[in-house]
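**Student:** Provided herewith is a single structure, encoded as structure tokens, for subsequent inquiry.
The values are calculated or read from the model by the stated rules, or taken from the named source; none is laboratory data. Here the structure is a predicted model, which means the values were calculated and not measured. With ideal geometry, Cβ positions are generated from the backbone for all residues, glycine too; neighbour counts draw on all protein chains shown.
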Amino acid sequence: MHIVVLAAFAVVRLLAEMRILLLASRGLAVGIVAAYLAGAVILARIASQAAMESAVASPRRGLSTGKPLLRLLTHLWLLGGLACISVTSYGQWMFSGPPSQIPLAATVGAMLPFFAAVVAGWIVEYPAHRAFRLRLVGQNPPGEPQPAGPLSLGQYVLLNTRHELLFIAAPVGMLVLLGDVLSIYVEPALSPRVAPWVMLPMMFAGMGGVFIIAPAVIVKVWSTEPLGSGPLRESLEKMARMLGVRFRRMLIWRSGGVIINAAVVGLLGRFRYVLLSDAMLRQMPQREIEAVFAHEAQHIAGHHIFYGTMLILSLSLAITGASELLRLKLGWGSWGVDAAGLMLLAAALYVAFGWVSRRLERQCDVHAAKTAGALQGSDGDQDVVSQEGAAIFAMALQRVAQLNAISPLQRNWRHGSIHWRISHVLDVASAGKGTGDIDRLVRRIKLCLWAGFVCSCALVGWAALSG
């Protein structure tokens, strides 16, 4: 859903720049919005029914498993319908009427049908969540922590709003707010010759500031609290010092007991947070939590958030520069170039960002297995991944899949399947290898990212000088 939310912002902003009005009738605009919401509800109902049948057939099976075409259809409906609404009188009024003079208001207003459709879908899908969580309760052997029961409808919608919508909408909204403030209040006060040289540096400086402070906003949007003192915190802090990683705070990620996960957010240590979900702390043994933390710590040590941001920025700059050159050199129209550029950027991000992310995850997996073995005092060469360390991390991954009701074979765009990850870690340990192979691959990836960033900046500079 994160990619869909980001794409929705892109669709709205692109069509706002194009100023396309195909359907001027107000009555028709109302009908299109109503049909859009109804279609979203119908698709959510179909998905909910399929998920409930899945939960009845197999309590351990993920609710989304086996419905990729349905998910794709839902996402296409949400984005395509939003595009149709944006070219009606509703979208025209948002970006040409009074809301256009208020920073962020036009974009939020244009996105309201999308937000309403997504929330309506969650309300319709809630019975599937309830049925699924009820079937999980009592599945673990006596004496082991039991999975949490279902959330209330309000809790379920709020949890999804925080984690699926606001996780993207909050930082993107900050960027849109920055751009609107500059275009509404600053750019009109500048001469046409001076404006580009003032606006571009201010925009880049503002974007940098947003990326730095966004994690502090995200941990407020999500429900978090500091991890209390105790043996676990002492162990994790000791591991962080050993691995040389810095962060502002370790936080408990409160999810009502339905999320088993950990995450790192933030580019800089002063604004970086490590999040451990409440359900993971409750249901996983300490050595497996330590292995998961070691995985997240490698994301910090390897500067993976920085390089992921660099990849996104490089692709965006390259396509922006190429689009501008096509307009200037070949005289192509803005509408076609912008639409083609957006589709090309989406495809490039899907392929390149997914491939790079999976390799960075693999590096974190191998380092986590190595650290897990070292913490257990495994004998042998400390530069290789021990069998014990690999087994601990593999069990941690397996438990995450089990408690989240994810099939080990289910593919994940950014992480790869659990089976793929476990197999690689066990293969590395069985071969008596260490982190050398994956570290060399990641170094080559980082060099390519730097080269791509330089080339994309050069392309944008060429386009600017040509203009």
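**Student:** Show the residue pairs meeting these rules: Cβ distance below 7 Å; 6+ apart or different chains; first residue within the range 94-109 and among the polar types (S, T, N, Q); second residue surrounded by fewer than 16 Cβ atoms within 10 Å (Cβ to Cβ) and not in a loop (DSSP other than H, G, I, E, B).
**Tutor:** Sorted first by the residue in the range 94-109, then by its partner, the pairs are 101/184.
**Student:** Quick test of your reading of the structure: residue 431 fulfils all but one of (1) within 27 Å of residue 257 (Cα to Cα); (2) free of Cβ contacts under 8 Å to residues at least 12 places away in the same chain. Name the failing condition by number.
**Tutor:** (1)
**Student:** Considering each of 407, 386, 430 in turn, give the residue that is small (Gly, Ala, Ser) and under 29 Å from the mean Cα position of the chain (by Cα).
**Tutor:** Criteria check complete, one pass: 407.
**Student:** Tell me whether the range 250-262 contains one or more residues that are farther than 28 Å from residue 131 by Cβ and either at pLDDT 90 or above or surrounded by fewer than 18 Cβ atoms within 10 Å (Cβ to Cβ) (or both).
**Tutor:** Yes: the range 250-262 contains one or more residues that are farther than 28 Å from residue 131 by Cβ and either at pLDDT 90 or above or surrounded by fewer than 18 Cβ atoms within 10 Å (Cβ to Cβ) (or both).
**Student:** When both residues are 6+ apart or on different chains and their Cβ atoms are under 9 Å apart, which pairs have a first residue that lies in the range 159-174 and is closer than 11 Å to residue 217 by Cβ, and a second that is of a type in the set (Ser, Thr, Tyr)?
**Tutor:** Filtered contacts from the range 159-174: 173/107.
**Student:** Let me ask you something else. Mind checking whether some residue in the range 439-451 is surrounded by 18 or more Cβ atoms within 10 Å (Cβ to Cβ), aromatic (Phe, Trp, Tyr) and at pLDDT 90 or above?
**Tutor:** no
**Student:** Taking residue 128, is it touching a Lys or Arg at 6+ places or on another chain (Cβ under 9 Å), at pLDDT below 85 and among the small types (Gly, Ala, Ser)?
**Tutor:** Here the answer is no, as residue 128 does not meet what is asked.
**Student:** A follow-up question, please. Has the range 91-109 got at least one residue that is within 29 Å of residue 220 (Cα to Cα), within 21 Å of the chain's Cα centre (by Cα), small (Gly, Ala, Ser) and surrounded by fewer than 19 Cβ atoms within 10 Å (Cβ to Cβ)?
**Tutor:** no
**Student:** Sticking with this structure for a sec: Only one of (1) more than 23 Å from residue 282 (Cα to Cα); (2) of a type in the set (Phe, Trp, Tyr); (3) part of a helix (DSSP H, G or I) is not met by residue 393, so which one is it?
**Tutor:** Only one criterion is unmet by residue 393, namely (1).
**Student:** List the residue pairs whose Cβ atoms are under 8 Å apart, where the first residue sits in the range 263-286 and is within 27 Å of residue 213 (Cα to Cα), the second is in a helix (DSSP H, G or I) and acidic (Asp, Glu), and the two are 6 or more positions apart or on different chains.
**Tutor:** 263/296; 264/296; 274/296
**Student:** Okay, next question. Could you identify the single residue in 173, 179, 230, 206 that is among the small types (Gly, Ala, Ser) and loosely packed, with under 14 Cβ neighbours inside 10 Å?
**Tutor:** From the options 173, 179, 230, 206, the qualifying one is 230.
**Student:** Another one. Filter the range 405-418 for residues that are modelled with pLDDT of 75 or more and crowded, with 16+ Cβ neighbours inside 10 Å and give the result.
**Tutor:** Across the range 405-418, the qualifying residues are 406, 407, 410, 415, 416, 417, 418.
**Student:** Within the range 54-62, does at least one residue satisfy the condition of being under 23 Å from residue 411 (Cα atoms) and at pLDDT 65 or above?
**Tutor:** No: zero hits.
**Student:** Give, as residue ranges, the helices (runs of 4 or more DSSP H) completely inside the range 269-378 that count at least 3 residues that are surrounded by fewer than 19 Cβ atoms within 10 Å (Cβ to Cβ).
**Tutor:** Hits in the range 269-378: 286-301, 304-330, 334-348, 354-375.
**Student:** Next up: As an exercise: evaluate residue 436 against (1) at pLDDT below 90; (2) over 30 Å from residue 14 (Cα atoms); (3) surrounded by fewer than 17 Cβ atoms within 10 Å (Cβ to Cβ) and give the number of the one condition it does not meet.
**Tutor:** (1)
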